[in-house]
Amino acid sequence: MKVGDYAKVVEPTAGFSAKGQIVKITEVDDSDIPYNTQGMDGEYTGWHEATDLVRATDEEVAEAKRKAEEKRRLHELEAKWHAIGREVGEFKKGDVVRIVPKNVIGKVEDVGTSLLGICDYSGKYYGPGKECVELIAPVESVVNLFAS
């Protein structure tokens with residue numbers, strides 16, 4: 001194997017990698033442990049002997065990349081919500097949101113266990129599931145110019 005190839009770990013190295021993990025070869029030298037590797041998230045996964053690794057199939061690499069991207073997106077989502085002091089998917093009355101499948105923007109009027117009551121700016125009312133709604137602006141950042 002050469003630099004840039006993907007391999008599957010069949011024998012983990014000192015806690016840096018896991019059996020079955022897909023890794024990328026980042027460096028090859030002439031030692032007894034020639035393969036320096038990193039995981040799909042870019043993290044160091046150790047140096048490996050040739051017998052520790054087998055070439056990964058295209059399908060295994062594609063699946064590992066998909067999972068790494070999914071994990072990255074989840075981490076970004078969690079960071080976004082935690083930055084405003086909320087748990088992921090924690091909506092509040094007054095939040096400005098977008099109902100993703102309908103591309104409708106409105107204000108949260110009611111927060112249920114799994115559904116939200118949303119009123120768009122023409123007065124139409126919607127009741128989508130929370131998983132279909134994207135937060136645009138939390139109520140704490142919304143300025144009401146017409147408040148008395």
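The values are calculated or read from the model by the stated rules, or taken from the named source; none is laboratory data. Keep in mind the model is a prediction, meaning the values are calculated, not measured. Cβ placement follows ideal geometry from the backbone for every residue including glycine, while neighbour counts extend to all protein chains displayed. Protein only, heavy atoms only, side chains kept; ligands, DNA and RNA dropped before computing areas. Shrake-Rupley method; radii C 1.70, N 1.55, O 1.52, S 1.80 Å.
So, Arg72, is that one assigned to a helix (DSSP H, G or I) and either more than 30 Å from Asp30 (Cβ to Cβ) or over 18 Å from the mean Cα position of the chain (by Cα) (or both) or not?
Values: assigned to a helix (DSSP H, G or I): yes; either more than 30 Å from Asp30 (Cβ to Cβ) or over 18 Å from the mean Cα position of the chain (by Cα) (or both): yes.
Taking the combined requirement at face value, the residue satisfies it.
For Ala68, state whether it is within 30 Å of Gln21 (Cα to Cα), open to solvent by less than 70 Å² (accessible area, probe 1.4 Å) and either in contact with a strand residue (DSSP E or B) (Cβ under 7 Å, 6 or more places away or on another chain) or in contact (Cβ under 8 Å) with a residue 24 or more places away in the chain (or both). So that I can check it myself, show each step before the final result.
Working: within 30 Å of Gln21 (Cα to Cα): yes; open to solvent by less than 70 Å² (accessible area, probe 1.4 Å): yes; either in contact with a strand residue (DSSP E or B) (Cβ under 7 Å, 6 or more places away or on another chain) or in contact (Cβ under 8 Å) with a residue 24 or more places away in the chain (or both): yes.
Judged against the criteria, Ala68 is a match.
Across region 27-65, what is the total count of residues that are open to solvent by less than 80 Å² (accessible area, probe 1.4 Å) and in a helix (DSSP H, G or I)?
7
Which members of region 81-108 meet the condition of being of a type outside the set (A, V, I, L, M) and more than 12 Å from Ala137 (Cβ to Cβ)?
Filtering region 81-108 down to residues of a type outside the set (A, V, I, L, M) leaves 81-82, 85-87, 89-95, 98, 101-103, 106-107.
Once the filter is applied, which keeps residues that are of a type outside the set (A, V, I, L, M) and more than 12 Å from Ala137 (Cβ to Cβ), region 81-108 yields Trp81, His82, Gly85, Arg86, Glu87, Gly89, Glu90, Lys93, Pro101, Lys102, Asn103.
With touching a residue at least 40 places away in the same chain (Cβ under 8 Å), open to solvent by less than 100 Å² (accessible area, probe 1.4 Å) and not in a helix (DSSP H, G or I) as the only criterion, which of Gly117, Gly89 stands out? Even if it seems obvious, please write down each step before you answer.
On the way: Gly117 fails: touching a residue at least 40 places away in the same chain (Cβ under 8 Å).
Only one candidate qualifies: Gly89.
Hey, could you check region 5-19 for residues that are among the small types (Gly, Ala, Ser) and loosely packed, with under 12 Cβ neighbours inside 10 Å and say which is modelled with the lowest pLDDT?
Applying the first criterion (among the small types (Gly, Ala, Ser)) to region 5-19 yields 7, 14-15, 17-18.
If we keep only those that are loosely packed, with under 12 Cβ neighbours inside 10 Å as well, we get 14-15.
On the way: Ala14: 74, Gly15: 81.
Within region 5-19, the match that is modelled with the lowest pLDDT is Ala14.
Within region 99-110, which residues are part of a strand (DSSP E or B) and surrounded by fewer than 16 Cβ atoms within 10 Å (Cβ to Cβ)?
Step one: list which residues in region 99-110 are part of a strand (DSSP E or B), which gives 99, 104-110.
Scanning region 99-110 gives Ile105, Glu109, Asp110.
Taking Asp29 and the conditions (1) of a type in the set (Asp, Glu); (2) at pLDDT below 95; (3) farther than 29 Å from Arg73 by Cβ, which numbered condition does it fall short on, given that it satisfies the others?
Going through the list (1) of a type in the set (Asp, Glu); (2) at pLDDT below 95; (3) farther than 29 Å from Arg73 by Cβ, Asp29 breaks only (2).
Can you find even one residue in region 76-85 that is open to solvent by less than 70 Å² (accessible area, probe 1.4 Å), in a loop (DSSP other than H, G, I, E, B), without any contact (Cβ under 8 Å) to a residue 60 or more places away in the chain and farther than 30 Å from Gly39 by Cα?
yes
Note down all Cβ pairs under 8 Å where the first residue falls in region 1-18 and is in a loop (DSSP other than H, G, I, E, B), the second is of a type in the set (Asp, Glu), and they're at least six residues apart or on different chains.
If the second residue must be of a type in the set (Asp, Glu), the pairs left are Val3/Glu27; Val10/Asp52; Glu11/Glu49; Glu11/Asp52; Pro12/Asp52; Thr13/Asp52.
For the subset of region 120-148 comprising residues that are more than 14 Å from Lys93 (Cβ to Cβ) and of a type in the set (Val, Ile, Thr), which member is surrounded by the most Cβ atoms within 10 Å (Cβ to Cβ)?
Among those residues, the one meeting the criterion is Ile136.
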